[in-house]
Amino acid sequence: MPATLSTFRTQVLVIGSGAAGLTAAVAAGRNGADTLLVENAGFLGGISATLPWLGFHDRDYRMIVKGLPLECCQRLQAEGASSAFELDPKCGSAFSVNSHWWKIIAMQLVREAGVRLMMHTQVVETLREGDRITGVIVENKSGRQRIEADITLDCSGDGDVAARGGVAWEKGRTSDGLVQAPTLVFKLAGVDRVGFIAGCKNPAIKYREWIAPYPDLWEKMMQRIDRMNVIICGGYATLIEHARAAGEFAVPQTRIVGVKLHQPDEFLVVMTRVLGLDPTNTASVTDAYTRIYEQIPILARFFRKWVPGFEQSYLGEIAPMLGVRESRRILGDYVLTAEDLVEGRVFDDAVSMGAYHIDIHRPSGTWVDSHNVRAYTIPLRSLIARDVDGLLMAGKCLSASHEAVASTRVIPICMGQGQAIGTAAALAAKRKISVRDLSIATLQDTLAAQGAEFGRTVGEPNWEAIEEVGQLPFEEPPTTGDKDAPSSMRNAWVADPVTAPEK
Ligand SMILES: Cc1cc2nc3c(=O)[nH]c(=O)nc-3n(C[C@H](O)[C@H](O)[C@H](O)COP(=O)(O)OP(=O)(O)OC[C@H]3O[C@@H](n4cnc5c(N)ncnc54)[C@H](O)[C@@H]3O)c2cc1C
């Protein structure tokens, strides 16, 4: 073991290259800071490289995420590697992405911004001097290295830097600490689009439960569905009941959740599920993977046998990483709440926006709990770690309640936060000041000049789209399904001799 570790120095250090970290690093680089991006995986984009992007628009169909996230969409469109924006009454909008192209464009963006990269590199310790976070220790094939930074951005999704630096965090719901159920997504290929849409048109199938109770909305959807490039599904409950009764559906899931992607024969299945996961415990995560790899063949067979349009479908691709919807949330100078979202609060220090509904995949039950929100702003204070200097965060680990993060977690909203903290960090690092001492007007003017939206140019409701697509009522009836599924469906990792920690 060498006596001293090799040391790297940087102004802005970004941990994690998901939706949040990628845009944070690009924004910091573009704003002139020496920036280093550390990523544990062998590709850039994190979970955003496995999913369609939902929620660029609010329920009035106004675009409320712009700037760098929108530029990412335009780069994909220029390569013919995505859909157009598909407006949607529940999700605002959907944008289907060719994941492989997204990984390529993500790399281009990082290189063009002059950001230095360390791949397959994991943060294992946080450097802290008094109340200041000063960098991290990482490990990779080259061994251990020390990275010193003026400002560190925790975009790990798990709040790893904060947790290892003794910064306060919370995890899961207040009642029992359980987080939203995770899902490893996979794609089915060989789907017959015409047969699939015919199934959607069958009212008995109820392919989209949110829309089904509203005849006017349903009618509008049916008028558009043949030409829609992205079709979001959340329903088919009766088919699943039949398959379960036939002994062919041993998965803790009661709805088909998935998206017909823009590629004509591809469908993304968002249905594997483990109840009771602890995403910061390796034994629990390992157990989740073993369970999920048992679920994937069950689901693939279910689609082929039971779902219209999937008769010739086959397993196309399994995502490279478990989709963790919620993990540690770092406590910041302000904790964003569900009320802030529902009321559409406008903060003085707003730096980005969101409008996606609160979408909680029940931690110990089936289906989801949902609540609609108004277009809301995200304050810089909820992106600055509390009681320390030198640490910002964005994405899943921002400072928000369990309920609020169930909205802010979607990809465009994470990207908007990333652009905000990358820009703030660069401006502060260049001035050699704390982000807390940065003039909010300077930051907001810089973000506005770079196209970001935080409430200045949202404009009037898009009446034409409201007429064509329709709107769900703001208050919807509660969803059905089990709040708590039988304990047999819960994660039993502690009892597993292979993955349980040694005594
Ligand atoms: C199953 C599922 C379905 C979803 N569906 C949608 C959808 O359809 N549309 C949508 O818009 N949103 C969806 N979301 C939400 C959204 O995808 C994520 O919340 C969002 O992408 C999170 O971005 P992030 O940057 O915070 O985290 P991540 O994408 O998790 O990125 C974190 C990155 O940090 C790296 N990392 C972690 N720890 C370390 C470490 N210690 N050292 C170095 N690197 C590290 C990881 O490898 C990863 O690349 C879904 C989420 C899930 C889980």
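Details
- Restricting the range 315-361 to residues that are within 16 Å of the ligand (Cβ to nearest atom) and among the acidic types (D, E), the residue that is surrounded by the most Cβ atoms within 10 Å (Cβ to Cβ): E326
- Residue pairs meeting the criteria (Cβ under 8 Å; at least 6 apart or on separate chains; first on the phi > 0 side of the Ramachandran plot, in the range 41-56; second part of a loop (DSSP other than H, G, I, E, B) and more than 6 Å from the ligand (Cβ to nearest atom)): G46/M321; G55/V65; G55/C91; G55/A355; G55/Y356
- Residue within the range 341-351 that is in a helix (DSSP H, G or I), within 27 Å of R132 (Cα to Cα) and among the hydrophobic types (A, V, I, L, M, F, W, C) present: no
- Matching residues in the range 252-288 - criterion: being farther than 30 Å from G195 by Cβ, in contact with a helix residue (DSSP H, G or I) (Cβ under 9 Å, 6 or more places away or on another chain) and not in a loop (DSSP other than H, G, I, E, B): L275, A283, S284, V285, T286, D287, A288
- Residue check for S96: of a type in the set (S, T, Y), touching a Pro at 6+ places or on another chain (Cβ under 6 Å) and within 13 Å of the ligand (Cβ to nearest atom): yes
- Neighbours by Cβ (under 6 Å, 6+ apart or cross-chain): first from the range 126-147, assigned by TED's automatic domain parsing to the domain that holds I15 and farther than 16 Å from M393 by Cα; second among the β-branched types (V, I, T) and at pLDDT below 95: none
- Strands (runs of 3 or more DSSP E) fully within the range 88-151 counting 1 or more residues that are more than 30 Å from D58 (Cβ to Cβ) and in contact with a strand residue (DSSP E or B) (Cβ under 7 Å, 6 or more places away or on another chain): 116-118, 122-129, 132-140
Let's see how each residue does on (1) under 27 Å from D131 (Cα atoms); (2) without any contact (Cβ under 8 Å) to a residue 60 or more places away in the chain; (3) surrounded by fewer than 24 Cβ atoms within 10 Å (Cβ to Cβ):
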site	(1), (2), (3)
L398	yes, no, no
E403	no, no, yes
R409	no, no, no
I413	no, no, no
I421	yes, no, no
I433	yes, yes, yes
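- Some residue of the range 61-77 being charged (D, E, K, R), in a loop (DSSP other than H, G, I, E, B), buried (at least 21 other Cβ atoms within 10 Å of the Cβ) and touching a strand residue (DSSP E or B) at 6+ places or on another chain (Cβ under 6 Å): no
- Spans of strands (runs of 3 or more DSSP E) in the range 158-247 with at least 1 residues under 25 Å from A465 (Cα atoms): 231-235
- Selection of the range 312-335 for residues being over 17 Å from the mean Cα position of the chain (by Cα) and either more than 18 Å from L153 (Cβ to Cβ) or part of a strand (DSSP E or B) (or both) yields Q312, S313, Y314, L315, G316, E317, I318, G332, V335.
Each row is one residue, and each column tells you yes or no for (1) among the acidic types (D, E); (2) more than 30 Å from E170 (Cα to Cα).
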position	(1), (2)
W218	no, yes
A245	no, yes
A250	no, yes
M271	no, no
D278	yes, no
T282	no, no
Y289	no, no
I298	no, yes
R301	no, yes
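- Restricted to the range 133-172, and to residues there that are of a type in the set (A, V, I, L, M, F, W, C) and more than 15 Å from the ligand (Cβ to nearest atom), the residue that is surrounded by the most Cβ atoms within 10 Å (Cβ to Cβ) is I151.
- Scanning the range 203-225 finds one or more residues that are within 27 Å of the chain's Cα centre (by Cα), over 21 Å from H262 (Cα atoms) and without any contact (Cβ under 8 Å) to a residue 40 or more places away in the chain.
- Total residues in the range 12-58, condition more than 8 Å from the ligand (Cβ to nearest atom), in a loop (DSSP other than H, G, I, E, B) and buried (at least 24 other Cβ atoms within 10 Å of the Cβ): 3
The values are calculated or read from the model by the stated rules, or taken from the named source; none is laboratory data. These figures come from a predicted structure and were not determined experimentally. Glycine gets a Cβ as well: all are built from the backbone with ideal geometry, and neighbour counts include every protein chain shown.
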